[in-house]
Amino acid sequence: MTARFPLARPRRLRTTAAMRRLVAETRVRPEELILPMFVKEGIDAPQEISSMPGVYQHTLDSLRKSAEEAVEAGVGGIMLFGVPAVKDERGSAADDPDGIVQVALRKLTADLGNAVVVMTDLCLDEYTSHGHCGVLTEGNEVDNDATLERYASIAVAQAEAGTDVVAPSGMMDGQVGAIRAALDGAGYTGVAILSYAAKYASAFYGPFRDAAECAPQFGDRSSYQQDPANAKEALREIELDLAEGADMVMVKPGLAYLDIVAKVAEAVTVPVSAYQVSGEYAMVEAAARNGWLDRERVIVEILTSYRRAGAGQILTYWATEAARLLR
């Protein structure tokens, strides 16, 4: 039992900024932030994404420059997404050794060495003409097991190009096991897997589909991404991915799913990441441009909520800016 008022005055520990810093329970550090980046084939200048002001589809040169800026700011990781010039039914550019992500990987790893963890999103939606995350059957359903073969091939291609971490995001059953077996079989036992283990079928992804040019041409992704109503299902997905060899797990989106982040963080002993997705970013930027909120304070407050919920790493489009703010 602690003292009560008037002996107990919690405000004593809030009197100054220095005091508040001293007793803060939760801190966000730059090295815990991961910057998602988009590189597009066939453009000669970076293109700002209209629904995500301040975020760009990069050329190889602008990608390298922005990555170096992120490292200088202290960002801990980069997550690379590719937008190929040509898409087809099976997403052939995803595992092409000369595909845009593989080319970008070779340049980034040569530039940055071990100064940052270079990660690659491993999926097919950016590469397929139909925009779905896998190979389709004749009836236009995503074929889970045929898709696993494609994921395995993509993982090896990314590993050969120099990625440190592959991050499967398609929510196919068995994806982590298939990828781990392929990586180990090709000799890439040191490449880690960050699984999008609890990825929800969310409306918060809208602006990302502009960035990655990956909106489904028909239907939606509800048959493979999780129902937003479910929490226990997320824990089951996490358990399955860990049993298949995931080194880290992710919850996506983050802000509307902080309860899931907290449940996962309490349940597992591996690092837990959360993705501050495009819709979250776009909402804050739009409100800030209208003068409705204090943008920098909101950025830090949201990131702090992720850490308070238990996320050890945060994927955020504000990573470079936030790292500078936090320092």
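Given a 1.4 Å probe and heavy atoms of the protein chains only, how would you sort R90, R327, R21, largest accessible area at the top?
Numbers: R90 115, R327 175, R21 150 Å².
Putting R90, R327, R21 in descending order of accessible area: R327, R21, R90.
In order along region 237-249, the Karplus-derived 3J(HN,Hα) couplings, from 6.51 cos²θ - 1.76 cosθ + 1.60 at θ = phi - 60°, round to 4, 4, 4, 5, 5, 5, 5, 8, x, 5, 8, 9, 10 Hz, and Gly and Pro are given as x.
The HN-Hα couplings worked out from phi for region 265-275 by the Karplus form 6.51 cos²θ - 1.76 cosθ + 1.60 (θ = phi - 60°) are 4, 6, 8, 10, 10, 9, x, 10, 9, 9, 10 Hz, whole numbers, x standing for Gly and Pro. Within region 312-327, which residues have the backbone N less than 18 Å from the label spot 7 Å out from E68 along Cα→beta-carbon, could you tell me? The answer is 320-321, whose backbone nitrogens lie closer than 18 Å to the label point. Each label point was placed 7 Å from the Cα along the Cα-to-Cβ direction; for T137 and T15 their separation is 7.0 nm. Of the whole protein surface, I193 contributes about 0 Å² of accessible area at a 1.4 Å probe radius.
Annotation: amide H-H contacts under 5 Å for V55 (H modelled 1.01 Å from N, sequence separation of 5 or more, or interchain): I49.
Compute the orientation-averaged projected area for region 178-322 from the convex hull of its Cα atoms and round it to one decimal in nm². Numbers along the way, then the final one.
On the way: hull surface 41.2 nm².
With every direction weighted equally, the projected area is 10.3 nm².
State the extension gain, in nm to one decimal, for the chain segment bounded by A146 and A203, taking 0.36 nm per residue of separation less the distance between their alpha-carbons. Numbers along the way, then the final one.
Details: separation 57, 0.36 × 57 = 20.52 nm, distance 2.72 nm.
Full extension from A146 to A203 adds 17.8 nm.
Using the heavy atoms of the protein chains alone and a 1.4 angstrom probe, what is the accessible area of region 136-195 per residue in square angstrom?
Values: 2170 Å² over 60 residues.
Averaged over the residues of region 136-195, the accessible area is 36 Å².
The shape of the chain can be summarised by an equivalent ellipsoid whose semi-axes, obtained from the alpha carbon gyration tensor, come to 34, 23, 19 Å from longest to shortest.
Efficiency by 1/(1 + (r/R0)^6): what FRET value for D227 and R27, r their Cβ-Cβ distance, R0 = 41 Å, to the nearest 0.05?
Numbers: r = 34 Å, r/R0 = 0.82.
Taking R0 as 41 Å, the efficiency between D227 and R27 is 0.75.
The heavy atoms of D210 present about 80 square angstrom of accessible area, all protein chains included, probe 1.4 Å. When the residues S62, S92, S50 are ordered by accessible surface, computed with a 1.4 Å probe over the protein chains alone, the sequence from largest down reads S50, S92, S62.
Backbone geometry of region 66-75 corresponds, through the Karplus equation with coefficients 6.51, -1.76 and 1.60 at θ = phi - 60°, to 3J(HN,Hα) couplings of 5, 5, 5, 5, 5, 5, 4, 6, x, 4 Hz, x marking Gly and Pro. Close Lys pairs in the chain (alpha-carbon distance under 21 Å; sequence gap of 8 or more, or different chains): 10. For L315, nonlocal amide neighbours, meaning residues 5 or more places apart or on other chains whose placed amide H falls under 5 Å from its own, are I34, A274, Y275, Q276. Under 5 Å between amide hydrogens, built in the peptide plane, is the criterion, and for L136 it picks out D143 among residues at least 5 positions away or on other chains.
Ignoring ligands, DNA and RNA, what percent of the accessible area of region 87-194 is carbon or sulfur (1.4 Å)? Don't jump to the answer; show the numbers that get you there.
On the way: 1710 of 3770 Å².
Result for region 87-194: 45 percent of the exposed heavy-atom area is carbon or sulfur.
To the nearest 500 deg cm²/dmol, what mean residue ellipticity at 222 nm is calculated for the chain from DSSP H runs of n ≥ 4 alone, each contributing -39,500 (n - 2.57), summed and divided by the residues? Before the final figure, lay out the partial values.
Numbers: 11 runs with 128 residues, N = 327.
Here the helix-only value at 222 nm equals -12000 deg cm²/dmol.
The values are calculated or read from the model by the stated rules, or taken from the named source; none is laboratory data. Computed from a prediction, not measured in an experiment: that's the story for all the values here. For neighbour counting, all protein chains shown are included, and Cβ atoms are generated from backbone atoms with ideal geometry for every residue, glycine included. The accessibility values were calculated without ligands, DNA or RNA, using every heavy atom of the protein model including side chains. Shrake-Rupley method; radii C 1.70, N 1.55, O 1.52, S 1.80 Å.
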